[in-house]
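To start, the structure under review is shown below, and the notes come after it.
The values are calculated or read from the model by the stated rules, or taken from the named source; none is laboratory data. Predicted model only: the values in this text are computed from it and were never measured. When we count neighbours, we look across all protein chains shown, and the Cβ atoms used for this are built from the backbone with ideal geometry, even at glycine. Heavy atoms of the whole protein, side chains included, go into the accessibility calculation; ligands, DNA and RNA do not. Shrake-Rupley method; radii C 1.70, N 1.55, O 1.52, S 1.80 Å.
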Amino acid sequence: MKNNIYKIILLLIFFLTSLNATGQEQFNFSVTEIDILENGNKFIGSDRGVITSNDGIEINADKFEYNKKKNILKASGNVKIIDITNNYEIYTQNVTYKKNNNLIITNKQSKAIDLINGIEIDAEIFRYNIKKNIITAENNAIIKDNIKNYKISSNFISYLKNKKMIYTKGKTFAEIFSKYKLESKNVTLIIDSMELYSQEKTLITDKFNLYELEKFKYSINKEELKGENILINTNYNLPKNDKFYFKNAIINLNKQEFFGTNPKIKVHKDIFDNLDNDPRILGISASSNNNVTVINKGVFTSCKQNANCTPWSIKADEIIHDRNKKEIIYNNALLKIYDFPVLYFPKFFHPDPTINRRSGFLKPQINNSNTLGSSFLIPYYSVLDENKDLTFTPSIFENNLQMFQTEYREINKNSKFLSNFGFVNNYKSDLDTKKNSIFNLFLDYELDLKLEKFISSNFFVSVEKVTNDTFLKIFETHFQDNKLKPSDSNNLKSEIKFLLDNENSSFNTGIISYENLQKNNNDRYEYVFPYYNYTTTLSEDLFKGTLNFSSSGNNFLSNTNQLKSSVNNNLTFKSKEFMWLNGIKNSFEINTKNLNSVGKNNSEYKSSPQIELMSELNFNMKYPLLKINENNFNYLTPKILLKINPSDMKNYSTLDRTINVNNIFDTNRLGIDDTLETGKSLTLGLDFKKESQIDTNKFFEIKLASVLRDKDEIFIPENSTLNKKNSNLFGSISNNFSDFFNIKYNFAIDKNLSNIEYSDFSTTFTVNNFTTKFNFLEKTGTMGDSNFLENNTSFYLDENNYIAFKTRRNRKLNLTEYYDLVYEYKNDCLTAGIKYKKTYYEDRDLKPSENLFLTISLIPLTNYEQKIDR
């Protein structure tokens, strides 16, 4: 037995020696277990080993199979290939080595490392031509160089090591310096020069910009991009982005510098606050260096693109955009309207419109006034600090009149200050033979006090002052965009006030000065100094209702020596709405008022201090009914308001108050704070509404209401008619069922139902592009004495051409107050029109006038209005 074992060992040694000799020219196998099949032509190794080729290829694998006839070696399982000659390491799960073809093919989780150049390749499949030293990677292929910091991915990548070249087929992505991303097709990289190029459409993006090119060449080391038919989209991932188009261009991506031909720059559409605009610049060539862009032979317009002639444009030898100075400069510029030369500028500049705040000239404006003549103004905006700016607006008139307006703004963390100070020199009134100066001051100041115990605590100051009574009317066009301009050109208000608010209460106090510019100097001022208002909620759930307390007081001085002072305390309980079983909704309110007052030369308050206590009960009932038919909802709601006040009230019989169906059921329907409506009254009302089930905006509605009393109350405002036993019958009719025609009519009929004392009628008729509106207002009898008729008519000839007519007639005086007739052509960037205005209004310096004006607005450049002499 022992001799047999020796024989077997000797036979195995002989066999292995024969095997090494047979494969000596091709492979050397260093394995621990092997199977020999097919008469020695097939070798299978099932335990990990190393196979070494005579050409310097070493393969480590868990399993292998060698076909001696075909000279093909297959290996699998944690395969590592070492090419000593070409300095490669390749890792994969499956490999086929075709020795006769010098070809290695890998499959599944393949990775190659160029040990000399530090380049790594990952893919599912490799085809490695050993003799040509080319690796072709397929399926999710990625090649990267961690030293030179680039990565290229595609489904097909070839690495030509001897030629030092990489190229891809099909869709390709690349990342360069971790800041540029590329998307293209069929890309080539020359490794020595680090040049990347393609003849296909390419997208390149960085943090802010997107570059789209028909074909390109990119120098990675210089970060220089060359291409054709280029689009640069700045801030492409933000809502506001600009687009640059070039036929050819060279771009330094790092410095953001470029030189290009046939530039077309499209600025974001809402840069001038008009989404209909398409602002753009065209040119012969353009270059950018150190944040300065120069466009040669440039043309700028903001008009929408169309096939027709551009409404307006500015053509210049050079258009320079200086981002350092944040301004745009035009050299030898010519303004054209529909290709007709209008104005030449040797040189002018304006702030970069892409920035929010930059010192420089703003949009100029040309105006014309029947009183003042023609005028020209050009504002200058100055940034004083990050929270402060100033706008200086000089206006020059043809009659040697000058106007200077200065607006100052300062916004801090807890405060805001706005002011407008103006000066007019050489103004001559028709009522005065001398030339005078006019001053104006408008001011707003707001301070957040940040008091800890209050949700909000604020201090306000406002000032409105002019030294000429008709100033705001005469110079109206010069204050069109001024936010500080008084809302009423006849009345000025200056005030200091202090406000506090917390969860359940609020308090405010201050002083007010009123100035009526239509009164004589002695009687034009009214003062409230001081006043206060306080409100608080005492309980939100007291007997299923809310209990509120309020207090107010003031000293009111008017007509030089008429003074009244009052402190007014109110306690109000308002129940929640409750319903009876039959569906009637009910609520009630109890008001108790304590008035402390004293007056001087005043008909309402006595000269000795008075303390009064009064109370009022309001009980509301309404019974909402609903009927549904096939197409409509029909609502019918009877309403009742019972008011009981056994105490007296102040004498407000001459106070002007208008009652209608919309306020007749209000608790304080007279709008008086220091008294309660006296007596007992019953307000009856009925509302009916027919509403479409398909469109709730289509309806027909009637409201009626009237007030009944047990006796006449002489202290209630007489023109309200609520002082009588039977008030007027108040009503309204609204019809909105037609797409072409609607009516709104508010009316009041006397108690005998014989006379209509109040009519407020408005109707709109629309057919296609034609719209006409009529408004008629008449007050007669107890409710007043006035009669006006107004008409607005417009007709759109097409989407650009428009005609409008407007007039108002005082039928009481048998006088037409004005006529306005306007023809206007309008598109997105240009408005041109002819306006005929005839006014009969007269107020000191303002005289009746009849004028014909030509108006032109170039958006956003300027406004121009010129009187046409007839």
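Averaged per residue, what accessible surface does the chain expose to a 1.4 Å probe, in Å²?
54
Can you list residues from other chains, or at least 5 along the same chain, whose modelled amide H is less than 5 Å from the amide H of Ile191?
Met165, Ile166
How much net charge surrounds Ile733 when only the other residues with a Cβ under 13 Å from the Cβ of Ile733 are counted, with Lys and Arg +1 and Asp and Glu -1?
+1
Using Cα-Cα distances under 8 Å and only pairs 6 or more residues apart, what relative contact order does the chain have, in percent?
Worked out over the chain, it gives 4 percent.
Asp820 versus Ser734, label points 7 Å from Cα toward the beta carbon: distance in nm?
Using points 7 Å along Cα→Cβ, the separation is 2.6 nm.
Counting only chymotrypsin sites (Phe, Trp or Tyr not before Pro) that are in a DSSP loop and have at most 13 other C-beta atoms within 10 Å, tell me the longest site-free stretch of the chain.
The answer is 339-542.
With the full set of protein chains in place, find how many percent of the accessible area of the chain is carbon and sulfur; take the probe as 1.4 Å.
52
Using the Karplus curve 6.51 cos²θ - 1.76 cosθ + 1.60 with θ = phi - 60°, work out ³J(HN,Hα) for each residue of the range 113-123 in order, rounded to whole Hz, and write x for Gly and Pro.
Along the range 113-123, the couplings run 10, 7, 5, 7, 9, x, 9, 10, 10, 10, 6 Hz.
Among all cysteines in the chain, which have no other cysteine Cβ under 4.7 Å from their own Cβ?
Cys309, each lacking another Cys Cβ under 4.7 Å.
So what are the ³J(HN,Hα) numbers for the range 372-381, from phi and the Karplus equation (6.51, -1.76, 1.60; θ = phi - 60°), rounded to whole Hz, Gly and Pro as x?
Values, residue by residue: 9, x, 7, 8, 10, 9, 9, x, 10, 9 Hz.
Counting Lys +1, Arg +1, Asp -1, Glu -1, what net charge surrounds Asn39 among other residues with beta carbon under 11 Å of its beta carbon?
Numbers: positive: Lys42, Lys68, Lys69; negative: Glu38.
For residues surrounding Asn39, the net value is +2.
Mind listing which GluC sites (Glu not before Pro) in the range 426-504 are in a DSSP loop and have 13 or fewer other Cβ atoms within 10 Å?
Those that pass, being in a loop and sparsely packed, are Glu452, Glu503.
Can you give the accessible area of Leu443, probe radius 1.4 Å, in Å² rounded to 10?
30
Once the other residues with Cβ under 10 Å from the Cβ of Asn787 are scored (Lys, Arg +1; Asp, Glu -1), what is the net sum?
Overall, the nearby charge balance is +2.
Apply the Karplus curve 6.51 cos²θ - 1.76 cosθ + 1.60, θ = phi - 60°, to the phi angles in the range 219-224 and return the couplings in whole Hz, x for Gly and Pro.
Computed from phi, the couplings for the range 219-224 are 8, 5, 5, 7, 6, 10 Hz.
Calculate how large, on average over all directions, the projected area of the Cα convex hull of the range 219-264 is; give the answer in nm² to one decimal.
Reported value for the Cα convex hull: 3.4 nm².
Provide the gained length on full extension for the span Leu362 to Asn521, in nm with one decimal, where the gain is 0.36 nm per separating residue minus the Cα-Cα distance.
Extending this stretch completely gives an extra 53.4 nm.
For the range 76-178, report the % of Cα-Cα distances exceeding 24 Å.
Above the 24 Å cut-off, the range 76-178 has 15 percent of its Cα pairs.
Using Cα pairs under 8 angstrom and six or more residues apart, how large is the relative contact order of the range 730-791, in percent?
23
Specify the inter-centroid distance of the range 296-332 and the range 533-550, based on alpha-carbon positions, in whole Å.
Rounded to whole Å, the Cα centres lie 64 Å apart.
Let me know the shape class of the range 109-265, please: from the alpha-carbon gyration tensor, a ≥ b ≥ c as square roots of the eigenvalues, rounded when a/c is under 1.5, otherwise prolate if a/b is greater than b/c, or oblate.
Judged from the Cα gyration tensor, the range 109-265 comes out prolate (a/c at least 1.5, a/b above b/c).
Rounded, prolate or oblate: which one fits the range 629-701, using the alpha carbon gyration tensor with axes a ≥ b ≥ c (rounded when a/c is under 1.5, else prolate when a/b beats b/c, else oblate)?
prolate
Which value, in nm² and rounded to one decimal, describes the direction-averaged projected area of the C-alpha convex hull of the range 572-708? Could the numbers behind the result be given before it?
Details: hull surface 42.8 nm².
One quarter of the hull surface, i.e. the mean projection, equals 10.7 nm².
Going through the range 49-99, which trypsin sites (Lys or Arg not before Pro) have at most 14 other Cβ atoms within 10 Å and a DSSP loop state?
Lys69, Lys70
Can you compute the helix-only [θ] at 222 nm over the chain? Use -39500 (n - 2.57) per DSSP H run of at least 4 residues, normalise by all residues, nearest 500 deg cm²/dmol.
-1000 deg cm²/dmol
Going by the alpha-carbon gyration tensor, a ≥ b ≥ c the square roots of its eigenvalues, is the range 110-170 rounded (a/c under 1.5) or, if a/c is not under 1.5, prolate (a/b greater than b/c) versus oblate?
Judged from the Cα gyration tensor, the range 110-170 comes out rounded (a/c under 1.5).
Taking Cα centroids, how far is the range 707-726 from the range 601-642 in Å?
Going from one Cα centre to the other spans 15 Å.
For the chain, give the share of DSSP beta bridges that are antiparallel, in percent and rounded to the nearest 5; count only bridges with both residues there.
Roughly 100 percent of the DSSP beta bridges within the chain come out antiparallel.
List the trypsin sites (Lys or Arg not before Pro) within the range 358-410 that fall in a DSSP loop (any state other than H, G, I, E or B) and whose Cβ has at most 15 other Cβ atoms within 10 Å.
Passing both the DSSP loop test and the Cβ count: no residue.
Relative to the longest principal axis of the chain, what angle (0 to 90°, nearest 10) does the C-alpha long axis of helix 2-22 take?
70
Between the range 460-519 and the range 122-161, what is the C-alpha centre distance in whole Å?
76
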